[in-house]
Amino acid sequence: MPKCCHYGFLLICLLLAWSSLAEPLTITVLNQQGEPFPGAVVELKHPDLTPASPPAPAVMDQVNKQFKPHVLAVQQGAHVTFPNSDSIKHHVYSFSKPKRFQLKLYKDQQPDPLVFDKPGIVALGCNVHDWMVGYIYVAESAAFRRTDDQGKASFDVKPESYEVVVWHPRFREQDKQRSQRTSIGQTTLVFQLQEALYPMINDQADEFDEY
Amino acid sequence: MNIKRASLQQKILLFFSLILVTITVLVSSTTLQSAYQHSNSQLSQSFDTARQVFLYKLQNDGNVLSGSLRSAAKDFNTKQLIASGKEDPESLAAVLVNQQRRSNADFSMVFDGEGQVIYSSLTETELTPEAFNSDAIRLSVIDGDVYLIKSTEVKFLEQQPQVDAWLLMGINLQKLVDESVQQLTGYEVSVISGDNYVFGTTNRETAELANFSLLPNATMIEVDINQQAQIAYRFFADEKEYTDVSFVFSIASESAFLNFFQLAFQLSVELIIAIAGAVLLSLYLSNNITKPLRVLAGVAKRIQQGDYHSPIPDFDAAEVNNLSKTFEGMQDSIQAREAEINQLAYYDTLTGLPNRNSFIKQLKHKIETGNGESFAVLMLDLDRFKEVNDTIGHNFGDQLLKLIGRRIESLKLADAFYARVGGDEFAILLNDVNERDLISMVKQYTHLFDLPFEVEGIHLDVDASFGLAVYPEHADSAYGIMQCADIALYKCKETHHNYIRYNSEFNTLSIQRLNLMSELRLAIEQDQLRLFYQPKLCLKTDEVVSVECLVRWVHPEHGFINPDEFIPLAEQSGAIRQLTHWVIRTALKQQQQWQQQDINLQFAVNISAVDLVDLSLPAYVSEQLTLHHVDNRYLTLEVTESALMSDPDAAIKALDMLQRMGIKLSIDDFGTGYSSMAYLKQMPVSELKIDKAFVLDLANSDDDEKIVKSTVDLAHNLGLSVVAEGVEDEASLEILKRYDVEFAQGYFIARPMNAEDFFDWMSQTNYRKIANA
């Protein structure tokens, strides 16, 4: 997907925000110790936030026997392609409810993209390589993003009351299921984890490959 | 010997047996006990080991199941089917049947991540999968069967922390606990659930095993199973919170303790053999010890019965043989001593002649064997032999007796048998006598004393008296004939004949003499004695100053008995002490009475030589004086001169004691004894009584007058006062006055009188009465 499209989308959002609001809504995710937690998926839910435009397609690559990215957030209905950048076979599968599938992936063979049309978490595994774990967060709202290095995610949205959902595979169940609601006109929300994180799987850095 | 007393043999036997039985019982009980403990601890250990092996096996079975479950849980297809289990249960069931078969399990279940059952081969269960995901042995009872159950997590993504599903399978324990387990552990294994028997390697009735549930955990215990003693051991495979399933190992006691029972049996047999052997051995030993003792006891009995001549056997054992030798020595010395005793008993050591016993024995023998044949006993006694002894000495007397014995022996007449039967008394048995020969024979014996005896160069004329008695004329027993001869002898002494033949007239007198001795004590007790009082007159003042107390015996049969007759008898029999005591007691009582009647007199009491050595006399005198309130100085004790001089040293001691008590002492019958002047001056006496022999005829005899005068001089020179006895006429009294004799006593003044008469006499007499003290 060309980068200009992103910028264009962003520009539209900003314009929308500026046109109606004075300030954007910023969610700060902190871990149990109060340190900023980067990479968490933050989704704002509101009936108005149904996507107007078709969702952007996404890619879940397999590089060096790891899913890349480790966590992928897409909008409901998005097409995700599963290329194989390794020179070996992978057998990607998921038994998660939103999307059960399996793909036998060969080098240089590009299967058709899969449509993730149900919101939820799709855990990805590779039947050949047990250590390979990846996640696709299928957001039902158009407003979702991942926290930056400061653990912040900012949304230019109308001043409404939003349900804020924060997710990351290292979160414990309680934190995963916890949502918070903002009041109208609230510009900041701090989401602090109440439980310790699961340890990191392998050496996998939860890097922001394309942001 | 006391028959009830246990024999030595029995004691030895008992002792050995007791020791042996004690030792064996101790040894066997400790051995058996330690063997039992060893067996027990071995068994206990074996149970522990078997439990560990058993549990290891179950653990292992569980591990196998777990492994199988885990690999199934990782199977992609299975995961896929579990993930779509709700939409496609048939496919899931099919794959699980397959997995269950692979795992050799008997049922299987699948749960989703929330613990909801997705699939179950059982119709109804309430299992929660987490509990069985453990390394421990997890057992559960389902529909009456016990299952070993394992579960495992299913993760769709292996790296994911969250659990997506559970896989659970169970194996029926009957497949795992079978014959092979019994062989492996060596015990029958029963599986118990709660109180219920589930199954076992050996089929059992449920009811019989109900009590298994009461067994303590991991402790072996003896129980009855099927009427058989068994050792049982119960344990749990799992913590009780998970299950109530337990296991029981059991084994028949006799198999469990096989070695122990064998050992006990062997020991018992050995002990019985040992005890039997010991009993036999101790029997043999005790017999060895006691047999010689029995033999020696027999010997001792023989010796007791007087057989000193049998040989005494030898024995092997040194100790016993020593005892035997000692017996021999004892037998020899008894023999020797008997001979010596015989010699002493039947022979006189001085003259070598047979003694009195021997003579009597001879007489008895003669009477028993002589068929009434007549024989005579001639008894002879030396005249004044005591004087010979006293004057020339006992040694001299002994020599004389030897010579006499020899002289009698030299005269071998008519088979005569001689014996020395007393101090100076010899007896001669004359056999086969007729009257005529007898007289001549007796005369020959009397003539033996015609010639003097020569002892140590001194020629001594000795006279002897002879008494003759004839058997059976005078008596028909040995003692009787001896007594008759004795009586004749005394008669002879009295009458100064050469010899006297016994006459039955003598007898009454002699019997009386003998009786008197025994009757005297009775007389004292029965108050047959009386005291007579003869006054003494003070010649200077004509006062009656004292009385001599004279004892009189009025015998109920014999009438009046002369003191000269019974006092020597009393001295011989020892009754003199009681007599003297009686006299003192009676005299003082009388004195007390008279003092109350205003008659104050000195009382003189005669005491004998025997009383002098009676140490209790002073105490008795003192006690009686006090009792009757009589002052000591009112009592005079008179002792004859001969009594004093027979043992002067003892007499001095005794008199000293009495004198210190303040009692006046007087020498009686002075002039008839043989007073040593040396002793006389030492005697603590204050008075001499001149013997009446010198006073009776004083008026007519110049000799007596001289004797009296010199005696009075002697007495006065020794500081003693003088009493003259036997004053029978006034002339004599005048002479006595002239010689300054202090006191006089005699018929001229007054006869001895009884108390009443004396009292009357005192009131009538012209003599002055002593002034009241």
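The values are calculated or read from the model by the stated rules, or taken from the named source; none is laboratory data. Worth saying up front: this structure is predicted, and the values here are computed from it rather than measured. Neighbour counts are summed over all protein chains in view; Cβ atoms, including those assigned to glycine, are modelled from backbone coordinates with ideal geometry. Heads up: the accessible areas ignore ligands, DNA and RNA and are worked out on the full protein's heavy atoms, side chains in. Shrake-Rupley method; radii C 1.70, N 1.55, O 1.52, S 1.80 Å.
Does region B:72-84 hold any residues that are in contact with a Ser or Thr (Cβ under 8 Å, 6 or more places away or on another chain) and not in a helix (DSSP H, G or I), and which are they? Selection gives B:Ser84 alone.
The residue list A:Lys107, A:Lys68 contains one member that is farther than 27 Å from B:Val154 by Cα and in contact with an Asp or Glu (Cβ under 9 Å, 6 or more places away or on another chain), which is A:Lys107. Checked against (1) closer than 22 Å to B:Ile458 by Cα; (2) not in a loop (DSSP other than H, G, I, E, B), B:Gly423 passes all but condition (2). Report, by residue number, each residue of region A:62-98 that is surrounded by fewer than 18 Cβ atoms within 10 Å (Cβ to Cβ), under 17 Å from A:Phe116 (Cα atoms) and in contact with a Phe, Trp or Tyr (Cβ under 9 Å, 6 or more places away or on another chain). Residues satisfying the conditions are A:Gly77, A:His79, A:Pro98. Being open to solvent by 20 Å² or more (accessible area, probe 1.4 Å), within 19 Å of B:Lys366 (Cβ to Cβ) and not in a strand (DSSP E or B) is the requirement here; does B:Val433 meet it? Spelling it out, B:Val433 is indeed open to solvent by 20 Å² or more (accessible area, probe 1.4 Å), within 19 Å of B:Lys366 (Cβ to Cβ) and not in a strand (DSSP E or B).
So for region B:100-116 (the condition being in contact with a Leu (Cβ under 8 Å, 6 or more places away or on another chain), within 14 Å of chain A (Cβ to nearest Cβ), farther than 24 Å from B:Leu176 by Cβ and open to solvent by 20 Å² or more (accessible area, probe 1.4 Å)), does at least one residue qualify? So far as region B:100-116 goes, no, none of its residues is in contact with a Leu (Cβ under 8 Å, 6 or more places away or on another chain), within 14 Å of chain A (Cβ to nearest Cβ), farther than 24 Å from B:Leu176 by Cβ and open to solvent by 20 Å² or more (accessible area, probe 1.4 Å). For region B:657-689, the set of residues classified as part of a loop (DSSP other than H, G, I, E, B) and of a type outside the set (A, V, I, L, M, F, W, C) consists of B:Gly662, B:Gly671, B:Thr672, B:Gly673, B:Tyr674, B:Ser675, B:Ser676, B:Pro684, B:Ser686, listed by residue number.
Among the residues of region B:496-506, those identified as at pLDDT below 75 and either touching a Gly at 6+ places or on another chain (Cβ under 7 Å) or surrounded by fewer than 16 Cβ atoms within 10 Å (Cβ to Cβ) (or both) are B:His496, B:Glu505. Give region B:111-147 a look and list any residue that's of a type in the set (Val, Ile, Thr) and over 19 Å from B:Phe247 (Cβ atoms), or say none. The answer is B:Val117, B:Ile118, B:Thr123, B:Thr125, B:Thr128. Residue count for region B:518-542, restricted to those that are of a type outside the set (Val, Ile, Thr), surrounded by fewer than 16 Cβ atoms within 10 Å (Cβ to Cβ) and within 19 Å of B:Trp761 (Cα to Cα): 2.
Condition test on B:Glu623, is it of a type in the set (Asp, Glu) and under 22 Å from B:Trp582 (Cβ atoms)? So B:Glu623 fits the description; yes. Residues that are of a type in the set (S, T, N, Q), closer than 26 Å to B:Leu285 by Cα, assigned to a helix (DSSP H, G or I) and open to solvent by 60 Å² or more (accessible area, probe 1.4 Å): does region B:333-351 have at least one? No, because not a single residue in region B:333-351 is of a type in the set (S, T, N, Q), closer than 26 Å to B:Leu285 by Cα, assigned to a helix (DSSP H, G or I) and open to solvent by 60 Å² or more (accessible area, probe 1.4 Å). Pairs meeting the criteria (first residue in region B:738-764 and touching a residue at least 60 places away in the same chain (Cβ under 8 Å), second residue of a type in the set (S, T, N, Q) and in a loop (DSSP other than H, G, I, E, B), beta carbons under 8 Å, at least 6 apart or on different chains) are B:Ala750/B:Thr765; B:Phe759/B:Gln597. All of B:Ser84, B:Ser17, B:Ser29 fail the test of being within 14 Å of another protein chain (Cβ to nearest Cβ) and not aliphatic (A, V, I, L, M), apart from B:Ser84.
In the set B:Leu92, B:Leu65, B:Leu69, only one residue is within 14 Å of chain A (Cβ to nearest Cβ) and assigned to a helix (DSSP H, G or I); that residue is B:Leu92.
Within the span defined as region B:149-159, every residue fails to be open to solvent by 30 Å² or more (accessible area, probe 1.4 Å), free of Cβ contacts under 8 Å to residues at least 60 places away in the same chain, out of contact with any Asp or Glu (no Cβ under 9 Å at 6 or more places or on another chain) and within 14 Å of chain A (Cβ to nearest Cβ).
Against the list (1) within 15 Å of the chain's Cα centre (by Cα); (2) of a type in the set (Gly, Ala, Ser); (3) more than 16 Å from A:Leu44 (Cβ to Cβ), the condition A:Ser154 fails is (3). Here is a check on your reading of the model: is B:Ala50 closer than 26 Å to B:Ala232 by Cα, more than 14 Å from chain A (Cβ to nearest Cβ) and of a type in the set (A, V, I, L, M, F, W, C)? Spelling it out, B:Ala50 is indeed closer than 26 Å to B:Ala232 by Cα, more than 14 Å from chain A (Cβ to nearest Cβ) and of a type in the set (A, V, I, L, M, F, W, C).
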